[in-house]
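All remarks here apply to the structure that follows.
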Amino acid sequence: MTSPDLQPSDPRLQDEARAFDFLEQPESWPEDPAVQAELAALLELHLALGAHGPALAAELAPTPRARWTSSWSLAAAAVLLVALVPAGITWQRTRSLQAQARDTARLELVAQKRSQTRAWGAFFQQSSTLLQDFEQNPTLCRKGEEDRRQEREMAVTLLEASHQLAAQGAPIKEAEAIRASLHTWLSEVALEDSCLPVERARELRQWAAANNLETQAERMGRRLKGADA
């Protein structure tokens, strides 16, 4: 409230007058609807104070100690304006920060899904390559045993990746079913010795062919690569 000792030239009253001018110019208000609603309510209050403020001041403070004038309504409105406008601006800034946070979270989620899709695609492509290599005639460790050292090492690596992918969850339902089939075959290869008996190598090839593993892995790898593009 304005002190009874304030004069019209007092800088504090001039600041209040500028705030009052701003309040009476809706076209200069911020575009934010919430801030405009606050300022509209404040303007309504100021008009009411302008109409009834002096009489109310006289009733509340009849003693000489509180000789209020019509500037009482101006000061009251200015005080409320100073209180409400920063709150509105703060609210607007908070909304902006919240929107930025949502955008950041959305972008991080998209990046996470794309990274997940790439990991699944790489698993299927590498599994397809391994299955193709397993169809080739390798060198022999000794008579009756195939040298499958490289294939076994790759199977161990892919088996670890398969465990991690299962924990993450598949980008599409079909991918999980194919991963599970590949996981079983990879487990068998990983458990074998590097020098694999010819009969056992033939069994693993027949198993892969019977379940169409190489074709499914190659197809799913291309599908996920296209989804990530």
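Determine the gain in length on full extension of the stretch S187-Q112; use 0.36 nm per residue of separation and subtract their C-alpha separation, reporting nm with one decimal.
On the way: separation 75, 0.36 × 75 = 27.00 nm, distance 2.81 nm.
Working it through step by step, the gained length comes to 24.2 nm.
Give the average over all directions of the projected area of the C-alpha convex hull of region 95-229, one decimal, in nm².
Working: hull surface 36.2 nm².
About 9.0 nm², averaged over all directions.
Counting only residues 5 or more places away or on other chains, whose amide H sits under 5 Å from the amide H of C141 once H atoms are built in the peptide plane?
E146, D147
Any idea of H183's accessible area? Nearest 10 Å², probe 1.4 Å.
40
Quick one: how many Å² of S187 are accessible to a 1.4 Å probe, rounded to 10?
Spelled out: S187, probe radius 1.4 Å, area about 30 Å².
The values are calculated or read from the model by the stated rules, or taken from the named source; none is laboratory data. Values in this document were obtained by computation on a predicted structure and should not be read as measured data. The protein model used for the area step is the full one, side chains on, heavy atoms only, and it has no ligands, DNA or RNA in it. Shrake-Rupley method; radii C 1.70, N 1.55, O 1.52, S 1.80 Å.
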